[in-house]
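S.K.: Following this message is one structure expressed as structure tokens.
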Amino acid sequence: MKTDFKILISKLTENGFDFVLIGGLAASAYGSTYVTHDMDVCAVLTPENIESLRNILKDLNPKHRMMNPKKSFMEIPDSLNGINNLYLSTDAGVLDLISNVVGVGDFSEVSKSAIEISIFGNRCKIISLDDLIKCKQTLKRPKDLLVATELEIIRKKTE
């Protein structure tokens with residue numbers, strides 16, 4: 001399934017869900033040529049925010065993609081305390097919600113240097129280029145190191 005980033009971003013922004021775009025889609029926004037098939041965001045995952053997210057995504061049939069068999073996000077977990085990450089599959093594609101970005105910190109830290117951009121006609125926050133490079137380098141996965149290298153070249157060209 002291809003992720004429809006426009007639908008996911010529109011749903012979140014139009015409903016006032018506070019998030020920072022991170023990962024491959026953020027890298028693409030900075031000019032990376034690497035293709036991503038999911039949407040990663042950093043957000044505070046309080047019980048109230050998770051309940052809000054359920055209301056926002058309810059018509060997109062959200063399911064936990066890391067569970068086998070996949071369980072509905074609308075019902076599980078029934079206790080919303082202490083959740084750090086959510087890995088969801090929806091009718092609009094994959095949406096991963098992370099509360100702590102490796103190498104950068106939690107939502108408040110990521111937000112401090114985030115910038116606001118217009119994407120698909122919606123205003124949203126995106127992780128800073130420096131923080132995104134730091135995250136990719138800290139992860140040390142081969143694909144992340146390739147993206148980090150490309151982003152460093154992009155940064156040098158825009159200085």
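S.K.: Determine if segment 35-57 includes at least one residue that is hydrophobic (A, V, I, L, M, F, W, C) and loosely packed, with under 12 Cβ neighbours inside 10 Å.
M.R.: yes
S.K.: I've got another one for you. Quick one: Leu8 ticks every box in (1) without any contact (Cβ under 8 Å) to a residue 60 or more places away in the chain; (2) more than 17 Å from Ser99 (Cα to Cα) bar one, so which box is it?
M.R.: (1)
S.K.: Being touching a strand residue (DSSP E or B) at 6+ places or on another chain (Cβ under 6 Å) and assigned to a loop (DSSP other than H, G, I, E, B) is the filter here; which residues of segment 44-92 pass it?
M.R.: Pro62, Arg65, Met66, Lys70, Lys71, Phe73
S.K.: Restricted to segment 90-106, and to residues that are out of contact with any helix residue (DSSP H, G or I) (no Cβ under 6 Å at 6 or more places or on another chain) and surrounded by fewer than 21 Cβ atoms within 10 Å (Cβ to Cβ), which residue is nearest to Thr3 (Cα to Cα)?
M.R.: Gly93
S.K.: Note down all Cβ pairs under 6 Å where the first residue falls in segment 113-126 and is at positive phi and at pLDDT below 95, the second is outside any strand (DSSP E or B) and of a type in the set (A, V, I, L, M), and they're at least six residues apart or on different chains.
M.R.: If the second residue must be outside any strand (DSSP E or B) and of a type in the set (A, V, I, L, M), the pairs left are Phe120/Ile9.
S.K.: Out of everything in segment 94-110 that is assigned to a helix (DSSP H, G or I) and within 13 Å of the chain's Cα centre (by Cα), what residue ends up being farthest from Pro47 (Cα to Cα)?
M.R.: Filtering first and then ranking leaves Val110.
S.K.: Now, a different point. Could you tell me how many of the residues in segment 116-127 are surrounded by 14 or more Cβ atoms within 10 Å (Cβ to Cβ) and either in contact with a Gly (Cβ under 6 Å, 6 or more places away or on another chain) or not polar (S, T, N, Q) (or both)? Break it down stepwise before answering.
M.R.: Initially, segment 116-127 is screened for residues surrounded by 14 or more Cβ atoms within 10 Å (Cβ to Cβ), giving 117, 119, 122, 124-127.
When the remaining residues are screened for being either in contact with a Gly (Cβ under 6 Å, 6 or more places away or on another chain) or not polar (S, T, N, Q) (or both), the result is 117, 119, 124-127.
Here the count works out to 6.
The values are calculated or read from the model by the stated rules, or taken from the named source; none is laboratory data. Values in this document were obtained by computation on a predicted structure and should not be read as measured data. Positions of Cβ are backbone-derived with ideal geometry, glycine not excepted, and every protein chain shown enters the neighbour counts.
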